[in-house]
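Participant: Here it is, the structure, as C-alpha cells.
The values are calculated or read from the model by the stated rules, or taken from the named source; none is laboratory data. Note that the structure is a prediction, hence the values are computed from the model and not measured. We place every Cβ from the backbone using ideal geometry, glycine too, and count neighbours over all the protein chains shown.
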Amino acid sequence: MQVYASMCDSSEEQHEDFYDDLEELARSQKSSCVVVSGDFNAGIGSQRQGKRFIGPNSAEPRNAAGERHANFCEVLHLYHGNSQFMKTPMKRWTYDSPNGQNYHELDHVLCNRGAFTNIGVIPSFNIGSVHRLLRAMLHSDRSLIRLARIRSRQPRATVLDAEAMQTMMNDIDLEMMDDIDEDYNCLLNTISTVASRSRMMAPNHNFRRITEATRKKAEKTDGPPAKSC
C-alpha cells in the first residue's frame, strides 16, 4: 500500500482520520505479507523502552507526527523498516528541501513481518522530486509464510456433548464447605472443568445437506408417488 499522510500543520482530526482509514485498510488485507510505504511526514526517532516494532536507528528526534506513527506501528504490529538498519546520513534522509538546507526522514516502509533484509536511500538516483528514492529489500520464506497462515486460522469450533457432561455431573460429589469463598471457588472450578472436558470438536463437514424446510417444500412439489402396475 502506498500512502501520503497529512501535513504536520493539519488538524488533529485530519491526522486521526488518516490513521483510522489506514488501519481499516491494513486490517482488511488478506495477504500474509502486508507492506505499507510512503510519505508519512513524520520523524520517527529512536526506539523507546518496551516498544518492539521501532528500531534503534533514526535520522532525527521523534516529533508529534512520529509519535502517532510509532503508536500506529505498535498497535498493528508493523515493523518499521528504516529504523532497523544503521545507515550514513546520505542514505537515510528521504526529503531534501528546495533550498538544500533542510533534510528530513519523512518516508517510511512498514511490514507486518520481520522480513526486511536492507533498506536505504539510493543517493545517485534522481527522481526529479524533493523526495529521494527509498529502496526496501525483503526476503520471502515460503515455509514461514505457510506457518503464519496456519497460526492465523480460526480455531476449530467445538460442540457440547450433553451425554458426557451429564455422566461427569453424576459422578461429582459437591459438598458444602465451611468457608463460603472456598465453596464458591470449588463450585466454579468444577463447572469450568466439566464444561471444558465435555466439549468435542464440531464435524468439519455438513452432513445435513438439505434443510428440513427445503425437504418439505420438495415433497409438496413432487406430488403423490406414482402407483406401480
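Participant: Hey, Ser46 hits all of (1) out of contact with any Ser or Thr (no Cβ under 7 Å at 6 or more places or on another chain); (2) at pLDDT below 90; (3) over 20 Å from Arg132 (Cβ atoms) but one; which does it fall short on?
Facilitator: Condition (1) is where Ser46 drops out.
Participant: Here is a further query. Any chance you could count how many residues in segment 52-72 are more than 23 Å from Tyr103 (Cβ to Cβ), assigned to a loop (DSSP other than H, G, I, E, B) and out of contact with any Phe, Trp or Tyr (no Cβ under 6 Å at 6 or more places or on another chain)?
Facilitator: Applying the first criterion (more than 23 Å from Tyr103 (Cβ to Cβ)) to segment 52-72 yields 52-53, 71-72.
Subset that is assigned to a loop (DSSP other than H, G, I, E, B): 52-53.
Now restrict to residues that are out of contact with any Phe, Trp or Tyr (no Cβ under 6 Å at 6 or more places or on another chain): 52.
Matching residues across segment 52-72 total 1.
Participant: Looking at Asp107, Asp96, which one is in contact with a Phe, Trp or Tyr (Cβ under 8 Å, 6 or more places away or on another chain) and more than 25 Å from Ala26 (Cβ to Cβ)? Full working, then the answer.
Facilitator: Numbers: Asp107 fails: more than 25 Å from Ala26 (Cβ to Cβ).
It is Asp96.
Participant: What's the total number of residues in segment 43-67 that are crowded, with 18+ Cβ neighbours inside 10 Å and either touching a helix residue (DSSP H, G or I) at 6+ places or on another chain (Cβ under 6 Å) or more than 17 Å from His104 (Cα to Cα) (or both)?
Facilitator: Adding up the residues that qualify gives 8.
Participant: Considering only segment 28-48, state which residues are farther than 18 Å from His80 by Cβ and among the basic types (Lys, Arg).
Facilitator: Passing the criteria: only Lys30.
Participant: Quick check on my filter: what residues within segment 107-139 are part of a loop (DSSP other than H, G, I, E, B) and under 20 Å from Phe72 (Cα atoms)?
Facilitator: The initial filter retains those residues of segment 107-139 that are part of a loop (DSSP other than H, G, I, E, B), namely 112-115, 122-130, 132-133, 139.
Listed by number, the residues that qualify are Asn112, Arg113, Gly114, Ala115.
Participant: Say whether the condition of being of a type in the set (Asp, Glu), loosely packed, with under 12 Cβ neighbours inside 10 Å and part of a loop (DSSP other than H, G, I, E, B) is met by at least one residue in segment 22-33. Quick ask: steps written out before the conclusion?
Facilitator: Kept after step one, since they are of a type in the set (Asp, Glu), are these residues of segment 22-33: 23-24.
Add one more test, that the residue is loosely packed, with under 12 Cβ neighbours inside 10 Å, and what stays is 24.
Restricting the remaining residues to those that are part of a loop (DSSP other than H, G, I, E, B) gives none.
Checked against the condition, which is being of a type in the set (Asp, Glu), loosely packed, with under 12 Cβ neighbours inside 10 Å and part of a loop (DSSP other than H, G, I, E, B), segment 22-33 yields no hits at all.
Participant: Another question, if that's okay. Quick check on segment 68-80: of everything there that is touching a helix residue (DSSP H, G or I) at 6+ places or on another chain (Cβ under 8 Å) and over 22 Å from Arg135 (Cβ atoms), which residue is surrounded by the fewest Cβ atoms within 10 Å (Cβ to Cβ)?
Facilitator: Ranking the qualifying residues of segment 68-80, first place goes to Val75.
Participant: Within segment 73-106, restricting attention to residues that are of a type in the set (S, T, N, Q) and part of a helix (DSSP H, G or I), which residue is farthest from Ser6 (Cα to Cα)?
Facilitator: Within segment 73-106, the first condition is being of a type in the set (S, T, N, Q), and the residues that meet it are 82-84, 88, 94, 97, 99, 101-102.
Restricting the remaining residues to those that are part of a helix (DSSP H, G or I) gives 82-84.
On the way: Asn82: 20, Ser83: 21, Gln84: 24 Å.
Here the residue is Gln84.
Participant: Note down all Cβ pairs under 6 Å where the first residue falls in segment 1-16 and is more than 15 Å from His104 (Cβ to Cβ), the second is aromatic (Phe, Trp, Tyr), and they're at least six residues apart or on different chains.
Facilitator: Ser6/Phe18
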